[in-house]
Amino acid sequence: QVQLVESGGGLVQAGGSLRLSCAASANIFSFNAMGWYRQAPGKQRELVAVITRGASTNYADSVKGRFTISRENAKNTVYLQMNSLKSEDTAVYYCCADRLSARSWGQGTQVTVSS
């Protein structure tokens, strides 16, 4: 069972920045892809950003140009740099990793953006 541990969430004012980290218990090259999802109160969980083994990235339209997903292979860690945060970015952010047909999830980290 892969373990994913997120960190870096918190309270920030609108227009500010945060960087989320997701540390994996396995070599991240063993995953087909890793990504970040978020879930706001009363809403479904939605994809925010994904990075594949080949380093291709994809973003939700709502975060394009503001968020950047990246990875640090030596630390088996994936990051989500979030800039120009808006109140609508407030959510619990979850890291996930896909390997073969299995998906693993982290426990989530709260991001709150005050306006």
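The values are calculated or read from the model by the stated rules, or taken from the named source; none is laboratory data. Computed from a predicted model, the values in this text were never measured in an experiment. Cβ sites come from the backbone with ideal geometry, for glycine too, and all protein chains shown count toward neighbours. Surface areas here come from the heavy atoms of the whole protein model, side chains and all, with no ligands, DNA or RNA. Shrake-Rupley method; radii C 1.70, N 1.55, O 1.52, S 1.80 Å.
Taking segment 71-81 as the range and being under 13 Å from MET34 (Cα atoms) and open to solvent by 50 Å² or more (accessible area, probe 1.4 Å) as the test, the residues that pass are ARG71, GLU72, ASN73. Checked against (1) within 24 Å of LEU11 (Cβ to Cβ); (2) touching an Asp or Glu at 6+ places or on another chain (Cβ under 7 Å); (3) not hydroxyl-bearing (Ser, Thr, Tyr), PHE31 passes all but a single condition, namely (1).
Residue by residue, here is whether (1) more than 20 Å from SER104 (Cα to Cα); (2) touching a Gly at 6+ places or on another chain (Cβ under 8 Å) holds:
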residue: GLY10; (1), (2): yes, no
residue: ALA14; (1), (2): yes, no
residue: ALA23; (1), (2): no, no
residue: ASN27; (1), (2): no, no
residue: SER30; (1), (2): no, no
residue: ARG38; (1), (2): no, no
residue: LEU47; (1), (2): no, yes
residue: VAL63; (1), (2): yes, no
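Scanning segment 35-70 for residues that are under 16 Å from ALA24 (Cα atoms) and open to solvent by 70 Å² or more (accessible area, probe 1.4 Å) gives a single hit, ARG53.
Within segment 92-106, residues that are farther than 11 Å from GLY9 by Cβ and without any contact (Cβ under 8 Å) to a residue 12 or more places away in the chain reach partners that are open to solvent by less than 40 Å² (accessible area, probe 1.4 Å) and hydrophobic (A, V, I, L, M, F, W, C) with beta carbons closer than 6 Å, at six or more positions or on different chains, in the pairs ARG103/CYS96. When the criteria are applied in full, LEU11 fails the requirement of being surrounded by fewer than 17 Cβ atoms within 10 Å (Cβ to Cβ) and under 10 Å from the mean Cα position of the chain (by Cα). Remark: LYS86 matches the filter, which requires a residue to be in contact (Cβ under 8 Å) with a residue 40 or more places away in the chain and open to solvent by 70 Å² or more (accessible area, probe 1.4 Å).
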